[in-house]
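Taken together, the values in this text are just the output of simple stated rules run on the coordinates, not laboratory data. Here the structure is a predicted model, which means the values were calculated and not measured. Cβ sites come from the backbone with ideal geometry, for glycine too, and all protein chains shown count toward neighbours.
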Amino acid sequence: MLVEGQHHAKGRGAQIEPPNRFERVRSVPDWADFDGDGEFLADLQRAGTEFLPDRSHSIVTENHSPDVPFRYSVNPYRGCEHGCAYCYARPTHEYLGLNAGLDFETKIIVKEHAPALLQDWLSRDEWQPESITFSGVTDCYQPAERRFELTRRCVEVALLCRQPISIITKNALVVRDLDLLSEMAAMDLVHVALSITTLDEPLARSLEPRTSRSEARLRAIRELSAAGVPTAVMAAPIIPGLNDSEIPAILEAARNAGVQRAGYVMLRLPYAVKPIFLDWLERAQPSHRERIVAALRSVRDGELTSSRFGKRMRGEGPRAEQIQQTFQVFAKKLGLTSPWPPLRTDLFVRPQPVHGQRRLF
């Protein structure tokens, strides 16, 4: 457990362990007797990753938010090693009795049976094929995927069934599965969106410490596009006062890599994300903290976050409108306003279930 404000967990975005909002009792460690124990304090800094098995009985989640452009999603992992200080998914770890800070980055829940569960879902008579988004909460190509390959196996299921999918990631690992994705793209069954927050690598290493470098993401876009996979760039999240000035450069770099469409999302700070991000600002941007906080308030009606449908993804007020206009002007200038090509559902082949009674015909 990290001692807040005293020890730095190397390679992690969060340096605090905010209280779980669902728990009434919280323990706070007191390491006063260990101040002279260098070996013990060094162990605290390592903050290694634990992989915990998940025995979920379902893998496809249905979304009802009017702000989210997809209905169904698959997330093979809970928690994310990327460690982005701004990640809106952090509070989901609190449902597990864990915290949204270091626990979210270091205790990764692995849905070991995700591919079989996806196949079972697709085998149901009531399933009427429509696109399923991979990610949506935590990144399906986070570092854990190198070891467990759950996303790849889920993509294999989708290819077998001719099930259309969309993928959202900020990890260049996605090109590992180019063999599958290019085959799906040839049948109009896949879209891939790469998220790029900043082209400033020192900033990226601090803000999102275990993600792929921006140049690697641009290279992934280039390889996917060259293979015929429809791609997009997400300038996300836009953090007013920090990276909003990079919008033109991000869009131009992505266009040069081969994307034909782009989107953006304004920073959100729900629940425990707010203290984690503010702590990051204090550590990483101390001289700009007040300016960035003021800019955030200017797009959230004086607050630091908003849960209002229709506003939470874009913000509101003059500065939010200026950001939107800047994005629109450069997206149009660079030719990044093409809609996604439609994904086909008429090729779908209902599979045999892995569990339960199999089909007779």
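Put a dot 7 Å past the Cα of Thr49, heading toward its Cβ, do the same for Leu160, and the two dots end up 2.6 nm apart. Here Lys111 is the anchor, and the aspartates and glutamates within straight C-alpha reach of less than 19 Å, apart from those fewer than 8 places off in the same chain, are Glu50, Asp54, Glu62, Glu81, Glu94, Asp103, Asp120, Asp139, Glu145, Glu149, Glu156. Dipole orientation for the chain: of the candidates Ala284, Val174, Ala249, Ala249 has the Cα lying most toward the positive pole (charges on Cβ; Lys, Arg +1; Asp, Glu -1). Residue-wise HN-Hα couplings along the stretch 101-110, as the Karplus relation 6.51 cos²θ - 1.76 cosθ + 1.60 with θ = phi - 60° gives them from phi, are x, 5, 4, 4, 8, 10, 10, 9, 8, 10 Hz; Gly and Pro carry x. Between Gln325 and Ala186, the modelled label-to-label distance comes to 4.8 nm, taking each label 7 Å out from Cα in the direction of the beta carbon.
With Cα atoms defining each centre, the stretch 99-146 and the stretch 154-200 are spaced 14 Å apart in the structure.
Summing Cβ point charges (Lys, Arg +1; Asp, Glu -1) relative to the Cα centre of the chain gives a dipole of roughly 1000 debye.
Gain in length, Ser27 to Asp125, computed as 0.36 nm per residue apart minus the alpha-carbon separation, to one decimal in nm?
30.4 nm
Look at Phe134, Phe22, Phe148, Phe277 and count the other Cβ atoms within 10 Å of each Cβ; fewest to most, that gives Phe22, Phe148, Phe134, Phe277. Its relative contact order, with pairs defined as Cα atoms under 8 Å and 6+ residues apart, puts the stretch 52-333 at 17 percent. Here the Karplus curve 6.51 cos²θ - 1.76 cosθ + 1.60, taken at θ = phi - 60°, turns the phi angles of the stretch 256-264 into couplings of 5, 7, x, 6, 10, 8, 8, x, 8 Hz, with x standing for Gly and Pro.
Going by average Cβ density within 10 Å per residue, which order do the peptides 96-104, 313-321 take, highest to lowest?
96-104, 313-321
When Tyr88, Tyr141 are arranged by Cβ crowding within 10 Å, least crowded first, meaning fewest neighbours, the order is Tyr88, Tyr141. Residues whose amide H falls under 5 Å from that of Arg314, counting only those 5 or more places apart or on a different chain, are Met266, with hydrogens built in the peptide plane. Here the peptides 301-308, 228-235, 255-262 are ranked by packing, the mean other Cβ count within 10 Å, and the order with the highest first is 228-235, 255-262, 301-308.
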